[in-house]
Structure formats: C-alpha cells, structure tokens
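Undergrad: The following block contains the structure, expressed as structure tokens.
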Amino acid sequence: MLTRETLVMVIKNKTYQWLDKLSPSARLAQLTAAKERAPALRSLYLQRKSALIEERKSKLLEAKEDTTRRQMQAVRTLSTLTTQMAVYGLWTNEIELDLGLTPLSDSEKFKALNAQLRFRRIVLKQPGDRTLFSLSAKGKKHSLELLRQNLLELMVAAQRMPPSPDPYKIIHKRINHRFQKDGVEKWYPGIVSRTVPGTGEQGAVVYQIVYDTDTKKEYPLTLDNLAFDLENGDFVVI
C-alpha cells in the first residue's frame, strides 16, 4: 500500500525534497488532501491494472490464434502436397520427369511441376538457389520449359549432395517397433542409437536400433524398411 507521502509525490509529480521543504501546516495540508484522494487513486490504479491484464490476455490469445492458424495452414499445405505427390510421384531424374510430364496437358504440367518444386522446398527442405523453386519472376509466370529446367537442376544438385547422417531425425529417440519374432508379432520398445553411413543401398545410411529386450546388441534398419514400417504404423517415435 502506498504511504501518504508517496501519494503526494504521485499527485503532485514532485520529489521528497520538495515535501520536506514545506512548512508544517502546508505539509499537513498536502498529506490530508492526498489521504482524501487515495480511494479514487486506488480505484483508478485497479482499473488501469485490470485494463492492462485484459490487454495482455488479448494479445496472448491473438498470438496463440495466429500460431494455430499458421500451424493449420502448414498442415493443409503438407496434406495437399502429400496428395499431389501420391498422384505424380517424386521425380528424381530426367527420365522420370519426362515420363511424368508427357501424358499431361499444359495446365496439368504446370500443376505437376509446381507440386514437385514445392515438395522439394517445403517437405524435403532441399537447399539451393531460392529462384529455382519460384514459379514466376517480376510478376510474370515462368514458362513450362524454365520450370522443367529448374526442377532438373535441383534433381542433379540433390544427387550430388552427401546423404544425411540422420534423414529422419530420430537418433537417440525412444521408439516402439512392431515386428514378428519366433512367429509372434509384438511391440518392442527401444532407442535409435546411431546411423552407419554408406552401408545401405546406393550408399544410404542404416539406422542402428537397441531394443530394451537386448541392450547389448544393435539391430540394423535400412531406410526402405524404416519408411515401410512408418507408413504401416509399425514404427512409432515416442
């Protein structure tokens, strides 16, 4: 609670030195007036405090709603790209690119190239010149041939990139893995211990899994088998 002296300072916007220099009668008058105004000042303070709290709550709610909207937009974008890629497939070389484009109309070719470029940028997060992922420049749409050339350049660049040491970002993560052992299918908890580079197909990494049932041994899991188990819900990262 504020003292009467402090209330005087607030009301008059003065210092304690100013108050000390007043005569006893003037000082008493100021303190009495401050005491009379204390309830009104306290009410004003509480109103302002309440308004600030509500303003903060509103800003936090707005920020949370904005974050939720952006998250939902990201989910919708990924869902759309996943659906499109299920139709077109991921083209990784020039032969696949031309085979995929050949039966399509020009408008469908544009959609397909757009899907391939966005999938590489948003989902695969492929590094590279940002202009290669663009569909237009200075307000003008790129031609189909330019989009094709840009996608082809990204394909070539991707093939030159060294394989990621942890493409699924699961090293040291706890997992549950369902598979058959001795004719019985069950879940096996464990942890992803590490990857061994260059031991899978075309030099891809192989994940090493340590299961709780046998902590002294690592079990290899190739990227293809991991992708298959993830798709079927047989491999869950905790």
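Derivation of every value follows stated rules applied to the coordinates shown; laboratory data play no part. Model, not experiment: these values are computed from the prediction.
Undergrad: Evaluate the Kirkwood expression for the hydrodynamic radius of the range 43-169, namely the inverse of the mean inverse distance over all pairs of different C-alpha atoms, and round to one decimal in Å.
TA: 17.7 Å is the Kirkwood radius here.
Undergrad: Moving on to the next point. Report, in listed order, any pair from Lys111/Lys141; Lys111/Lys169; Lys181/Lys217 with a Cα-Cα distance greater than 19 Å.
TA: As for pairs spanning more than 19 Å Cα to Cα, those are Lys111/Lys169.
Undergrad: Once amide H atoms are built 1.01 Å from N in the peptide plane, which residues 5 or more positions from Phe179, or in another chain, come under 5 Å H to H?
TA: So Phe179 has HN proximity to Lys186, Tyr188.
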